[in-house]
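Trainee: This structure is in structure tokens; I'll ask about it shortly.
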There are 2 protein chains.
Amino acid sequence: MVQDTPDVAAWAALLRVHAALVPVLDRELQAAHGLPLTWYDVLLELNAAPGRRLSMGELGAAAVVSRTRVSRVVDQLAAAGLVAREANPDDRRSAYAAITEAGRKRLRAAAPTYLAGIQRHFTARMTAREAAVVATALEKVLSAD
Amino acid sequence: MVQDTPDVAAWAALLRVHAALVPVLDRELQAAHGLPLTWYDVLLELNAAPGRRLSMGELGAAAVVSRTRVSRVVDQLAAAGLVAREANPDDRRSAYAAITEAGRKRLRAAAPTYLAGIQRHFTARMTAREAAVVATALEKVLSAD
DNA sequence: TAGAAGTGTGTGCGCACGCACATTCCTACG
DNA sequence: CGTAGGAATGTGCGTGCGCACACACTTCTA
């Protein structure tokens, strides 16, 4: 449709899938658990981190949300009691964000909704082999420079 | 990293690739041709349409940009002389956006930059077979309901 | 040790974006 | 033929988002 070469077709399809699915998944998550996708992403990353905490810079690099935006999102999450700001004794410029028990509970409650949404809107439309190829191909793109 | 199942890995990788590459490609396009990615997308869709024009609703459905946003983007493009608003005699509610000759020229000039960026940042990191699988898999997702 | 350079973080500001609504017009139904 | 309902579009408004900058602190260098 957009261009004849399969390279461009892959990129164009990625853009469209993103534009089509992100709002849907975000709504589902927010309707079921009052949790924006941005919050979920940050909580997920914090929960998987060693010590269940990350500095702002690390969080900005790890999560999808940009480094600049992390400050404000963490503020919101802290106001909601889902994360706690902690000081870093070794580097007093740095600030940690640590997920709280309430945050973990909220994350665990929301996960099934999100995973089911991914399954229903995304992976159910392709074969398991295709999903695996998509994952490995896109991860190779991410590891670039 | 995020979750163990390959399904979620594919979706997570898609989110990250989008977040990483879109700003880069947008900057490249804007630096080389003063053309935001949104403008490029709209111009591309109009250029490929029958009669080189589309109604606002059709444009919103075809392009990545949302239907609501189309109005304002077309305003900007019209102010820049790259598209022209046309009336629809058959339905006076409807409004056409038609790409102008200046718009086509601008699009043709920018295309090599964009395509080279896609090639360099995206498809160069995977095999041709992987790119084909990514394209077909994601297009199947799009064709859902 | 004092100063310069570099790094991590937060914030004012402007732009992009979508929602909800008003407007205009078409269409179906009595 | 008139009216109710629906469809296509544009716009005020609030929110999300990133850039550029300021600030605090660390690290390097002479």
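Trainee: Scanning segment B:55-110 for residues that are away from chain A (no Cβ under 14 Å), assigned to a loop (DSSP other than H, G, I, E, B) and away from DNA strand D (no atom under 12 Å from the Cβ), which turns out surrounded by the most Cβ atoms within 10 Å (Cβ to Cβ)?
Mentor: B:Leu82
Trainee: When the residues of segment B:37-54 are narrowed to those that are away from DNA strand D (no atom under 11 Å from the Cβ) and away from chain A (no Cβ under 14 Å), which ends up surrounded by the most Cβ atoms within 10 Å (Cβ to Cβ)?
Mentor: Applying the filter and picking the extreme gives B:Trp39.
Trainee: Same structure, new question: Given (1) touching a Pro at 6+ places or on another chain (Cβ under 7 Å); (2) under 22 Å from B:Pro23 (Cβ atoms), where does A:Gln30 come up short, assuming only one miss?
Mentor: So the condition that A:Gln30 fails would be (2).
Trainee: If we scan segment A:116-135, do we find a residue that is open to solvent by 10 Å² or more (accessible area, probe 1.4 Å), assigned to a helix (DSSP H, G or I) and away from chain B (no Cβ under 12 Å)?
Mentor: Checked against the condition, which is being open to solvent by 10 Å² or more (accessible area, probe 1.4 Å), assigned to a helix (DSSP H, G or I) and away from chain B (no Cβ under 12 Å), segment A:116-135 yields no hits at all.
Trainee: Considering only residues of segment A:11-25 that are in contact with a Phe, Trp or Tyr (Cβ under 9 Å, 6 or more places away or on another chain) and within 15 Å of DNA strand D (Cβ to nearest atom), which is farthest from B:Ala128 (Cα to Cα)?
Mentor: Top of the filtered list is A:Leu25.
Trainee: Would you tally the residues in segment B:1-36 being touching a residue at least 60 places away in the same chain (Cβ under 8 Å), more than 12 Å from chain A (Cβ to nearest Cβ) and assigned to a helix (DSSP H, G or I)?
Mentor: Residues that pass the stated criteria total 4.
The values are calculated or read from the model by the stated rules, or taken from the named source; none is laboratory data. Just so you know, these numbers come straight off a predicted model, no measurement behind them. Cβ: placed from backbone, ideal geometry, glycine included. Neighbour counts: every protein chain shown. These area figures cover heavy atoms from the full protein model, side chains too; ligands, DNA and RNA do not enter into them. Shrake-Rupley method; radii C 1.70, N 1.55, O 1.52, S 1.80 Å.
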